[in-house]
Structures are given as structure tokens and as C-alpha cells.
1. Going through the range 113-144 one residue at a time, which ones are surrounded by fewer than 20 Cβ atoms within 10 Å (Cβ to Cβ) and in contact (Cβ under 8 Å) with a residue 60 or more places away in the chain?
2. Only one of LEU357, LEU342 is surrounded by 21 or more Cβ atoms within 10 Å (Cβ to Cβ) and assigned to a helix (DSSP H, G or I); which?
3. Might you let me know whether the range 267-274 holds any residue that is within 19 Å of LEU330 (Cβ to Cβ) and without any contact (Cβ under 8 Å) to a residue 12 or more places away in the chain?
4. Would you check which residues across the range 83-126 are under 20 Å from ALA163 (Cβ atoms), out of contact with any Asp or Glu (no Cβ under 6 Å at 6 or more places or on another chain) and among the aromatic types (Phe, Trp, Tyr) and list them?
5. Tell me yes or no: at least one residue of the range 133-144 is closer than 27 Å to PRO58 by Cα and in contact with a strand residue (DSSP E or B) (Cβ under 9 Å, 6 or more places away or on another chain).
6. If VAL369 meets every condition in (1) buried (at least 22 other Cβ atoms within 10 Å of the Cβ); (2) of a type outside the set (Gly, Ala, Ser); (3) under 29 Å from GLY266 (Cβ atoms) apart from one, which number is that one?
7. Please go through the range 265-312 and give me each residue that is among the charged types (D, E, K, R), crowded, with 22+ Cβ neighbours inside 10 Å and in contact with a Leu (Cβ under 7 Å, 6 or more places away or on another chain), ordered by number.
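The values are calculated or read from the model by the stated rules, or taken from the named source; none is laboratory data. All values derive from a computational prediction rather than experimental measurement. Reconstructed Cβ throughout: ideal geometry from the backbone, glycine too, with neighbour counts over all protein chains shown.
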Amino acid sequence: MQTAMTRSAPISGDAEHAAVPRIVVLVCVALCIMNVLSLVGSAITGQWILDLQGLGIPTDFTNVYAAGRLVLDGYPATAYDWDAHKLVQETVLGRTFADFFGWHYPPPFLFVAASLAKFPYSVAFAGWAAITFSFYIVTIRALTNHRIGWLLACAFPVVMFNALMGQNGCLTAALIGGTLYLMPKRPWLAGVCLGLLTYKPQYGLIFPLVLIAAGQWKTFASAALTGASVAALSWWAFGNVTWIEFFHWLPRASAAFLSDGAATFGKMQSTLSLVRFLGGGDTLARSLQWGVSGMVALAVVILWRSRVSYEIKAAALATGALLATPYLYLYDMMVLAIPVALILRMGITDGFLDYELPALGVVTVLLMVFPYVVMPTGLAAALIVAALIARRAYLQWGDDRDPVLRP
């Protein structure tokens, strides 16, 4: 396999960085600077958290904080009443606004919302962004197994979008990355991470299949126990009415976002959204999405039953989780930092394959241009990463590999 690889010139200095191509470091540094300047600039110009008049800016975080306020006021089930929830959002921000940020998370996520609502809005917003980013950056550093992981995590383009919107992409990436990092050596703890991921049920399409096919029974059992425990705890804390309301409003949420395009299909990053964005009908979009989901699930299961390296298996599962779900927004593309980190890990260890770094450059550009084109560029980025993983898997197929992440 070495003959199929081309190695870029390493940077000089510390031995730990010696195998990192100079271009990777330079690009990561440049993207980090851009992210920091964008966030600081947004805050100074009244485009982050508060506007120049000191009023809250309507963002995705608004619905989380408003749901928390409803919990603290003793009306947790009302979070699923979109009209009532909108009124609370306007009260929180001190203004009316045309947009609407619907609450359709399972009841266990109300624990997070209520915890945040105990603080002033600005503090809760900034604190949520900082804490979830901390979990995420540690996870990416661990997966990369190299100091470049710190830079990569900060440089990933979607980080800025999550911070500006107060979204949960960093938490999702941390839980999925933590699951994959811990599974070989700490399967029970990996299951805890996966069980907590039930706040994003759309990722439950592919993980159970892979765990069963790969015989990861400890992780499977731990995830099931954790998921059931947080569900039961939320039932006890918020009452059965909250769960009834969640399931009652779920079809409306599905229709609004997957059929009616309430948030515009250009903002979504799935196969379904691409078909609808291009003018296809709902039936065609759903059929193609489930066809892709099935093929992705089958491919990942086959890969996990093979003897390719664990890095490839983990990268494939993280990417497959994105491709398999019809409900996917740009902030969820934070999960794509996981396979990118693992590709860098393999490249630093074994050498980068031809076109691998340029392809990752294209992925970066596709994620960066989304605000300017508002179309499923994230889906294209995920497909490129999937192709890179497939190429490495093909080269390793049949080889005997270490079943765990190498130290």
C-alpha cells in the first residue's frame, strides 16, 4: 500500500508534528483565525446573541431557552405547543419576530433546556456554546491522536455556524466521536455516550444495526440502558403528558420540515432535501432517501464485519450516520469532523493517498460556501469524505488489522 501513497513535506520542529504536511497546518491556522474573527466581529456588530439595542437575536438557541423557561414555570408539555412556545420565545428576546423555531426534541433534552434557563439568556447562550465546544475539541484531539487535532477542531468551518446559532452540533459530534473512540477499550462508557445521543433520534437508524452486526453487545446493552434510563427519568420529572405531546406533535414536525419545507430545503443536507431542492416531489424524495439509507447501512455493516482498520470503520460509521438520515442541517455536519480527523490520523501515520488532501480542501470549501449559496453543499462534502473512506477500505480489504485505535 505504501506505493499508492504520496507524502507531503512535513513541517520542521517538534517530532510529534514532524509527519504533518505543512499545508494542513497552514490551512488549519488560517481557518482558526477566520472563525475567531467572524465570531468576534459578529458580537461587536450586534449579530451574535444580542443586537446593538441589547435585544436578543432570534436563533435556534431561542427555542431551547424558551423550553427551559416553560419547564421552570411548571409547564414542560407546553414546549411542544408551537404557538405557545413562540410567545415564550418573544418574551425571552423582548421582541416579536417573523421566524419560528419549533421544539421537537424528545423530553430528556428538557433537562438541558431547564438547566440553561436558570441563567440569564446571554450567559446561557455563551456558556452552552463554550461547554459543548469543549467536549467536542477534546474528542477530536483524541481521535486524531496528534496535536493537530486541537487546530483541526477549531478550524472546522461548521464550528462558527454552531456558535452563532447556539446549536448542538458540537455536542452531537462529541457523543458520536466519544462512542467511537471508547468502544474498543471502554465499551460500557461508549454505550453511555450513544445512549445520551437519543436526544437526536434520527441517528438511531444505523448505529444499532452496526453494533449487532459487529457483536458489540456491551456497547449495545449500555446504550439501551442509558437511553431507557433518561427516558424514564424524564417521564418521572416532566410527566407522561410531555411524552404524549411529543408523539402528538412529531407528525406535524415531520410534515413541516420533510414535506412542506418549512425551513426551506436548501438549508437541509440530506438526499431527501437535495431532491426537493431540485424540484422533485415528496414521494420521489422519500423513496430515494430510504434507498440511500438502506445502501449506506448495508455498506457500513459489511465494512464493520471486515478486517479493515478500526479507524476506517469508525470514520465510515460517522459518515454513514449523516448520509442515512433525511433530517439533517448544516450544524449537524459537525459530525463530519470525526471522519476528517480519522483520515488525518491515518495519513499522518501511514502517509496520505493521492488526492486525499486536495479532496479534504474541497470538503472545506463546500462547508464554507453554504451561507452564500444555501443549498445542500454539506451533502456533497459528506459524499466526498465517504469516497475517501471507501478508497482506503478498498486498499486494506483482506488485510489483518488491529481492531482498536492505535496509541
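1. Across the range 113-144, the qualifying residues are SER122, ALA126.
2. The unique qualifying residue is LEU342.
3. no
4. If the condition is that a residue be under 20 Å from ALA163 (Cβ atoms), out of contact with any Asp or Glu (no Cβ under 6 Å at 6 or more places or on another chain) and among the aromatic types (Phe, Trp, Tyr), then TYR105, PHE109, PHE119, TYR121, PHE125 are the ones that fit.
5. no
6. Result: VAL369 fails condition (1) only.
7. The answer is GLU311, and nothing else.
Yes/no per residue for (1) over 15 Å from MET334 (Cα atoms); (2) part of a loop (DSSP other than H, G, I, E, B); (3) under 14 Å from the mean Cα position of the chain (by Cα):
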residue	(1), (2), (3)
GLU90	yes, no, no
ASP99	yes, yes, no
GLY102	yes, yes, no
SER115	yes, no, no
PHE119	yes, yes, no
TRP128	yes, no, no
ILE137	no, no, yes
ILE140	no, no, yes
VAL159	no, no, yes
